[in-house]
Amino acid sequence: MENIPSDETIKEILEEDHAEIKNGGKKKSCLVRALILIILLIVIFFSFVYVQQYLLDLEAEAIVRAAQATTTLANEPLPKNNPVSDEAQPDILNSVEQPTPTPDLEIERTATVSTQLTSVAEFQKTVTSEP
């Protein structure tokens, strides 16, 4: 009969141990989950900052290239398509209509886009009064 009470006490001790393990395990897993969530939020925040910095770098590079393109095209001298002067052969020049040179469409498109980008960048830099 002595074995019966000792068996019951052993069972009670084992049940208490299992209960402590279950409660302690939940606390640890909650802490681990919180740490993982915090680390994940930190990684997301820094990736957001990195992407924003990358986009700002691209925008700054576009502004610089647009300014360079417009200044280069503005300072470029006009090409001379007619090597013969007007004074040397006035009859030939007056009798034959000179075709107008076709402009390079890529240069015009580049100049247009660069001018638009420059104006957009200048507009974004303007400071407005807060309402």
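Each value in this text was obtained by applying a stated rule to the coordinates, not by laboratory testing. What you are looking at is a predicted structure, and each value in this text was computed from that prediction instead of being measured. Cβ atoms come from the backbone with ideal geometry, glycine included; neighbour counts cover every protein chain shown.
A few notes on this one:
- Take the Cβ atoms of Ile38 and Lys125, set R0 to 25 Å, and the FRET efficiency comes out at 0.10.
- The order of the peptides 108-115, 12-19 by mean Cβ neighbours within 10 Å, most packed first, is 108-115, 12-19.
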